[in-house]
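K.L.:
Dropping the structure in here first, questions after.
Quick note: the coordinates plus some simple rules give every number you see, no bench work behind them. Please read all numbers here as calculations on a predicted model, not as lab measurements. Neighbour counts run over all protein chains shown; Cβ positions are idealised from the backbone, glycine included.
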Amino acid sequence: MTFIRGVGMTKFGISDKLTHQMAYEASVEALRDANMAFDEIDAVVCSTLEFFQSIEKQRHFPAMLSSMFRTHVPIIKVEAACSGGGAALWYANQLPYENILVVGSDKLMTMKSEAITDEFMMAAENRYEQTEGLNFPSQNALVAQEYMQKYPSTTPHHLALIAAKNHANAALNPKAKFYQQPISLERIESSPVVCSPLRLFDCSISVDGGAACVITKDKADIEIAGSSLYTDYLPTFERDDNTSWEAAVLSSKEAYAQAKVAPEDIDVAEIHDAFTIVELIAYEDLGFAKKGKAWQLIEKGHFMKDGKLPANMSGGLKAKGHPISATGLAQIYELVKQMRGLQGERQVRRAKTALAHNVGGAGGTIVTHILKHRGAA
Amino acid sequence: MARIIRWVSKKSGKKWIHPIDTPLDKGDEIVKQVGTKTKVVGVTKVFIPNPLHPIVPYHVLILQDEHGSRMPKKTMKEYKIGDVYEDKPNKDENAIAAIKIKYDYLEAVDEALELIGDVKVTAKTRILIKPNASIPAYAYLGMCTNPKTMEALIQALLKRGAKAENITIAEQSFFLPLEKAAAKSGLPELIAKYKVNYVDISQTKFEEKKIREFTFKVSMLPQEFDLRFNVPVIKTDMQLGMDGAFENLTRFLEKQNFLEFAKNPKKAALALSVLPQALPSFITIGDASIGAQGNGPGEHGEPGFFNLIFAARNPVVHDAAVAKVFCLRIPPYIELAGKLGQGEYDIKKIEFVGNEYEALRRDVKQPIGSALLKEGL
């Protein structure tokens, strides 16, 4: 069994720190939270994208972390686009070491938006998707279109409700980009179309940030009860049905089986809302809603703070921010804090069993983690 | 018509968008499947620019063929779900085909030929192909015609009924013996593989041709052929602005004649504007699979992965269109050639088939040292 002993993250937004400095900041917080010194760490698993167009011009991230931590322990990098953080945790969980630091960090805001779009697009297939202008917003717009064609009861209004929920949560999260900046449903629904039918506020926000956790084989309060990673074909157009992402279905099924829980046992979830449609189809792929029926639960407030299954209490990628390789570990940060009852105004009523769903690309890699609160270590 | 290409397993029916030489499973067989009857099954209007797609809004269609295979297609035109998508061939002198290479060079070259009204080939047709292999550099540096493009053209001609013994590849280098200049181009291997003929133009007979005030000594070789292809690699050039169809024809000049022109760059450019009149007509297959950008050959130019094949019956149309697609100024000698009635250089009057002009446009690094581009003729 593996446990999470400590978590840390930077504030998400525009940072004057470099990627490795944000990784360091998040790691130190996680070590303090775990009440551990770095000398007790046996290995580090890290994730970052090392953007080509960034001003940093810095590669060989593991050795850079060796410099930061003044260590010679094994440090290995895992890259899985937007699911880098989740994949790093999944990978660390396979390793035999006693104590592992898992850290993800990315710096996006030194690039102008065209360059960020270009960088992200490199995680799409080159000869068809990149050359035909199929960037991630347009890939997900086509997913939304396909979904709404197949399930016409679902409308852009339901996507807007997801965005509004996540913005309301982020407004209460001091580490979120949109902290204390609530966004009204009206503003969301009247925001400009970026890729029809998706609007600006259907898209997550690029930020700088780092997040980390310390995992251990020693008993701690939070158990990683399920950890599963599945993949799918890189181009979305190659898949038969984009209204459901198979890797999400497979990874959640496996994680539920490992944790010996069912979807209805989940108390709180962090869901990869790179686009609102991704959160919506995840409700169904993760078994929280029947196929084509997520809209009913959205309308009922099922995923709100006081609903049956609060989702994205952190504000999600949508409004907390999406620093790519840090995202999956920031989800873990939020869930651990929720399970420890530390989230103040946005603390949910019950958080004994939690789920994190982290997606790379448009469903090319999907990681599901299920955490259980085991009481004081 | 748009082509959707798949490699299909006979055993399992699994499909790949990538060429598969060796089946994944032992004992399996892979067959290539090309769908041509395409209809629109998805459409999104994209408002987010990036360096590859600077002009917005544009649309991305998802096309589906008669085999159920799909691919994205960028267009500036409005389509609805259910619309039939087709590209109609255009035999006009003012037409240029522009095809994005979807991993398969043969399909790209074949489609480009088809879209300019195709070529009539019999077993007796004598065919000349003039690549650019005058600089000793590998194709991945964008300095010489990609051997994959050359191979695709040979295959396309064989497919149409040509005989290998009637195909001749010809080139010369003004600075090195041809065997040294072409050693890294992949041409010697192709010639051996397909048993086509290989001619060093410098060893052919030359004749004087007076066009306007210029006296050219041109090879008589092209006169021996029924069908001629000019296959330049597309590169920016510090002196000429851009190397395309016109520049590639200079190596039909006798060496001393060329060197005389080269002494005076402006005079050379003026002469270049009428050079095609000294030669029989060629179909241009512009190889922009891997081209070069920046200051071009020998002047710290760099490879550019453009992933395009062009085809045109008129060299002015070809070079003017290619320059505009890459947001370069149309080289003055091309403009002049157009003004002298050799072909259309006004982009508004050039007809694109395969892909639309506005949908193709993207920046490449400019040849900033080009006095010709700055000052004109």
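K.L.:
Could you check which residue among A:Gly104, A:Gly210, A:Gly287 shows the biggest mean-square fluctuation in a GNM of chain A with a 10 Å Cα cutoff?
P.N.:
So, out of A:Gly104, A:Gly210, A:Gly287, the one fluctuating most is A:Gly287.
K.L.:
Could you tell me which residue out of A:Met1, A:Ala88, A:Ile298 lies farthest along the dipole of the protein assembly as shown toward its positive end? Charges go on the beta carbon: Lys and Arg +1, Asp and Glu -1, centred on the Cα centre.
P.N.:
In the protein assembly as shown, that residue is A:Ile298.
K.L.:
Running Debye on the protein assembly as shown with equal point scatterers at the Cα sites and no solvent, what base-10 log of I(q)/I(0) appears at q = 0.05, 0.08, 0.12 Å⁻¹?
P.N.:
Debye output, listed in q order: -0.31, -0.72, -1.21.
K.L.:
Of A:Phe201, A:Val73, A:Leu185, which is farthest towards the positive pole of chain A's charge dipole, taken about the Cα centre with +1 and -1 on the beta-carbons of Lys, Arg and Asp, Glu respectively?
P.N.:
A:Leu185
K.L.:
Given the options B:Pro23, B:Pro57, B:Pro232, which has the most mean-square fluctuation in a GNM of chain B, springs set between C-alpha atoms less than 10 angstrom apart?
P.N.:
Greatest mean-square fluctuation among the candidates belongs to B:Pro23.
K.L.:
Okay, next question. List the lysines whose alpha-carbon lies under 26 Å from that of B:Lys120, not counting same-chain residues fewer than 8 positions away?
P.N.:
Partners found: B:Lys32, B:Lys37, B:Lys88, B:Lys91, B:Lys100, B:Lys102, B:Lys130, B:Lys148, B:Lys159, B:Lys163, B:Lys193, B:Lys195.
K.L.:
Just want the ordering: A:Met304, A:Met339, from fewest to most Cβ atoms lying within 10 Å of their own Cβ. Provide the component values of the computation, followed by the final result.
P.N.:
Numbers: A:Met304 18, A:Met339 24.
The most exposed by this proxy come first: A:Met304, A:Met339.
K.L.:
Suppose every Lys and Arg Cβ carries +1 and every Asp and Glu Cβ carries -1, with no other charges. What dipole size does segment B:95-375 come out with about its Cα centre, to the nearest 20 debye?
P.N.:
340 debye
K.L.:
Can you tell me what share of the DSSP beta bridges in chain A is antiparallel? A percent to the nearest 5 is fine.
P.N.:
70 percent
K.L.:
When DSSP beta bridges are limited to those with both residues in the protein assembly as shown, what percentage is antiparallel, rounded to the nearest 5?
P.N.:
70 percent
K.L.:
Only Cα pairs under 8 Å and at least 6 apart count here; give the relative contact order of segment B:4-85 as a rounded whole percent.
P.N.:
So the answer I get is 27 percent.
K.L.:
Determine, for A:Phe178, A:Phe52, the number of other Cβ atoms within 10 Å of each Cβ, and report the residues in order from fewest to most.
P.N.:
A:Phe52, A:Phe178
K.L.:
Just to confirm the number: angle between the C-alpha axis of helix B:105-115 and the first principal axis of chain B, 0 to 90 degrees, nearest 10?
P.N.:
Tilt relative to chain B: about 80 degrees.
K.L.:
Could you give me D for chain B, from Stokes-Einstein at 25 °C and 0.890 mPa s, where the hydrodynamic radius is the Kirkwood radius over C-alpha pairs? Units µm² s⁻¹, please.
P.N.:
The diffusion coefficient I find is 115 µm²/s.
K.L.:
Take segment B:92-132, drop everything but the C-alpha atoms, weight them equally and run the Debye formula without solvent; then report log10 I(q)/I(0) at 0.17, 0.27 Å⁻¹ to two decimals.
P.N.:
Evaluating at q = 0.17, 0.27 Å⁻¹ gives log10 I(q)/I(0) of -0.61, -1.06.
K.L.:
Follow-up question, since we're still on this one. Taking 7 Å along the Cα-to-C-beta vector as the label spot, tell me the B:Gln277-A:His157 distance in nanometres, rounded to one decimal.
P.N.:
With each label point 7 Å from Cα toward Cβ, the separation is 7.0 nm.
K.L.:
Something else about it: Just need the relative contact order of segment B:195-346 here, percent rounded to a whole number, with Cα pairs under 8 Å and 6+ apart. Could you put the intermediate results ahead of the total?
P.N.:
Working: 267 pairs, mean separation 33.5, N = 152.
Result for segment B:195-346 is 22 percent.
K.L.:
Normalised by the residues of chain A, what does the relative contact order come to in percent, with Cα pairs under 8 Å and at least six apart?
P.N.:
27 percent
K.L.:
Please arrange A:Leu49, B:Leu141, B:Leu227, B:Leu377 by how many other C-beta atoms lie within 10 Å of their C-beta, fewest to most.
P.N.:
B:Leu377, B:Leu141, B:Leu227, A:Leu49
K.L.:
Which of A:Asp16, A:Asp221, A:Asp42 moves most in a GNM of chain A, Cα contacts under 10 Å?
P.N.:
A:Asp16
K.L.:
For an R0 of 60 angstrom, estimate the FRET efficiency from the Cβ-Cβ distance between A:Glu114 and A:Asp39 and round to the nearest 0.05. Display every interim value, and only then the final one.
P.N.:
On the way: r = 45 Å, r/R0 = 0.74.
Between A:Glu114 and A:Asp39 the formula returns 0.85.
K.L.:
Please work out the C-alpha center-to-center distance from segment A:122-189 to segment B:187-213 and express it in whole Å.
P.N.:
So the two Cα centres are separated by 58 Å.
K.L.:
Okay, next question. Cα centroids of segment A:347-377 and segment A:1-72: how far apart, whole angstrom?
P.N.:
Cα centroid of segment A:347-377 versus Cα centroid of segment A:1-72: 21 Å apart.
K.L.:
Hey, what angle do you get for helix B:315-325 against the long axis of chain B, alpha-carbon based, 0 to 90 degrees rounded to 10?
P.N.:
That helix lies at roughly 60 degrees to the long axis.
K.L.:
Which percent, nearest 5, of DSSP beta bridges in segment B:95-375 are antiparallel? Walk me through the intermediate numbers first.
P.N.:
Numbers: 24 of 43 bridges.
Taking every DSSP beta bridge with both residues in segment B:95-375, the antiparallel ones total about 55 percent.
K.L.:
Of B:Phe47, B:Trp7, B:Ile17, whose Cα points farthest to the positive end of the dipole of segment B:4-85 (charges on the beta-carbon: +1 Lys, Arg; -1 Asp, Glu; origin at the Cα centre)?
P.N.:
B:Phe47
K.L.:
While we're looking at this one, here's another question. Treating cross-link reach as a plain straight distance, find the aspartates and glutamates whose alpha-carbon is under 17 Å from the alpha-carbon of B:Lys77, omitting any fewer than eight places away in the same chain.
P.N.:
The reachable aspartates and glutamates, counting only those whose Cα sits under 17 Å from B:Lys77, are A:Glu132, B:Glu86, B:Asp87, B:Glu351, B:Glu356, B:Glu358.
K.L.:
Normalise the Cα radius of gyration of segment A:299-377 by 2.2 N^0.38 Å (N = residues in it) and let me know the number.
P.N.:
Taking the Cα Rg and dividing by 2.2 N^0.38 Å, one obtains 1.12.
K.L.:
Under unit Cβ charges (Lys, Arg +1; Asp, Glu -1), what dipole magnitude, rounded to 20 debye, does the protein assembly as shown have relative to its Cα centre? Walk me through the numbers on the way to the answer.
P.N.:
Working: 92 positive and 90 negative charges, 90 e Å.
In total the dipole reaches around 440 debye.
K.L.:
Treating only the Cβ of Lys, Arg, Asp and Glu as charged (+1, +1, -1, -1), what charge dipole size does segment B:4-85 show about its Cα centre? Round to the nearest 20 debye.
P.N.:
Dipole of segment B:4-85, to the nearest 20 debye: 120 debye.
K.L.:
How shielded is A:195-205 by partner chains, expressed as the average number of their Cβ atoms within 10 Å of its Cβ atoms?
P.N.:
For this peptide, the per-residue mean of nearby foreign Cβ atoms is 2.
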